[in-house]
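Novice: What follows is a single structure, and I will ask about it in a moment.
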Amino acid sequence: MAKRAYTPRDIEAKKYECFDWDGEWLSAFGNPAINSKWVVLGPSASGKSSFVMQLSKKLCEYGPVLYLPFEEGVGMEFQRRLKLMKMGEVQGKFTVAPDDTLEELEERLSRPKSPRFVIVDSFQVSEWSYEQAMELMKRFPNKGFVFISQEYKGQPMGKAAIRLRYIADMKVRVAGYKAYCQGRSAGEPGNYYVVWEEGVLMTSNNL
C-alpha cells in the first residue's frame, strides 16, 4: 500500500507546539518545535557540558527530562555541575539514567507520564547506530531528543554522528563558552547563547 502524499494545503494546516522562549534563548535559538531533534557538539573544555545542563533545566519548564550520561556517568564532576546549575530546583522533572540499554530506554519511554525530552550524552559512547537512533525517534515522534556529539576537527566524530547532524532540526556548536545555533529554527543572525560569561571574557583575553 502506497504511503500518504501531502498537498500544500495539508502541510499548511499542520499545527506544531513550539517553545515560547524569550530573551537570550529566543535570540539564539528562535522558537523551535518542542519535539525538535538536536545535535550539540564542541571541543573539550568549551562549555558544552555546562550548556547541555542549562538546556536540560530550561526544557524542564515544558516537561520531564531524562538525562543519559553514558560518557561520564554520575561521578563527582557530574555532581558538581548539578549543584552549580541548581538542578535541585527542577527536582521531580529531571531524572538521570546512566546505564539504560536502548531496549530499557524504549520501555521507559513507553510508560504513562514518561519523559518528554531525552538527552543522550554522548552519541558515540551510546554505541547506537544511525539507524537505531532514527528508529527511536520515529517510534516516539512527540518527544524531543538532544544528542551530544564528540567532535573531531570541528565536525561530529564518526559517520553515524555526521549523518545524525544532517537530519537534526537544531544544530548547535559550543566553542569558547558560546553556543551557536545553525539549525532550522535559529534565532537572530549573528547571535549566540552565552554559557559562561567569565569564560567568554577569559577566552577573548587569551585570543
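Novice: Any chance you could count how many residues in segment 49-97 are in contact (Cβ under 8 Å) with a residue 60 or more places away in the chain and under 24 Å from E17 (Cβ atoms)?
Specialist: 6
Novice: Which of the numbered conditions does V195 fail, given that it passes all the others? Conditions: (1) crowded, with 20+ Cβ neighbours inside 10 Å; (2) at pLDDT 95 or above; (3) of a type outside the set (D, E, K, R).
Specialist: Here V195 meets the rest and fails (2).
Novice: Just checking, does segment 27-38 include any residue being without any contact (Cβ under 8 Å) to a residue 40 or more places away in the chain and outside any helix (DSSP H, G or I)? Spell out the reasoning first.
Specialist: Of all residues in segment 27-38, those without any contact (Cβ under 8 Å) to a residue 40 or more places away in the chain come to none.
Checking segment 27-38: not a single residue is without any contact (Cβ under 8 Å) to a residue 40 or more places away in the chain and outside any helix (DSSP H, G or I).
Novice: I'm trying to understand the selection: among the residues of segment 82-122, which are within 22 Å of S44 (Cβ to Cβ) and loosely packed, with under 15 Cβ neighbours inside 10 Å?
Specialist: Listed by number, the residues that qualify are K83, L84.
Novice: If I ask for residues that are at pLDDT 95 or above, small (G, A, S) and not in a strand (DSSP E or B), which ones from segment 130-156 would you list?
Specialist: Across segment 130-156, the qualifying residue is only A133.
Novice: For the structure I just gave you, tell me whether A33 is at pLDDT 90 or above, within 30 Å of P112 (Cα to Cα) and out of contact with any helix residue (DSSP H, G or I) (no Cβ under 8 Å at 6 or more places or on another chain).
Specialist: Values: at pLDDT 90 or above: yes; within 30 Å of P112 (Cα to Cα): yes; out of contact with any helix residue (DSSP H, G or I) (no Cβ under 8 Å at 6 or more places or on another chain): yes.
Considered against the rule, which asks whether it is at pLDDT 90 or above, within 30 Å of P112 (Cα to Cα) and out of contact with any helix residue (DSSP H, G or I) (no Cβ under 8 Å at 6 or more places or on another chain), A33 comes out as yes.
Novice: Name the residue that is nearest to the chain's Cα centre (by Cα), counting only residues in segment 1-26 that are in a loop (DSSP other than H, G, I, E, B) and farther than 25 Å from C60 by Cα. Reasoning before the result, please.
Specialist: Restricting attention to segment 1-26, the residues satisfying the condition of being in a loop (DSSP other than H, G, I, E, B) are 1-7, 14-17, 19-22.
The next check asks that each one be farther than 25 Å from C60 by Cα; those that pass are 1-7, 14.
Numbers: M1: 35, A2: 34, K3: 30, R4: 30, A5: 30, Y6: 29, T7: 31, K14: 24 Å.
Checking each candidate, the answer is K14.
Novice: Further question on the same structure: Specify the residue that is modelled with the lowest pLDDT; the eligible residues are those in segment 157-192 that are loosely packed, with under 15 Cβ neighbours inside 10 Å and in a loop (DSSP other than H, G, I, E, B).
Specialist: By that ranking, first place goes to R184.
Novice: Can you tell me how many residues in segment 130-148 are surrounded by fewer than 20 Cβ atoms within 10 Å (Cβ to Cβ) and β-branched (V, I, T)? Working first, answer last.
Specialist: First, the residues of segment 130-148 that are surrounded by fewer than 20 Cβ atoms within 10 Å (Cβ to Cβ): 130-132, 134-143.
Then drop every residue that is not β-branched (V, I, T), which leaves none.
Total meeting the criteria: 0.
The values are calculated or read from the model by the stated rules, or taken from the named source; none is laboratory data. Computed from a predicted model, the values in this text were never measured in an experiment. Cβ: placed from backbone, ideal geometry, glycine included. Neighbour counts: every protein chain shown.
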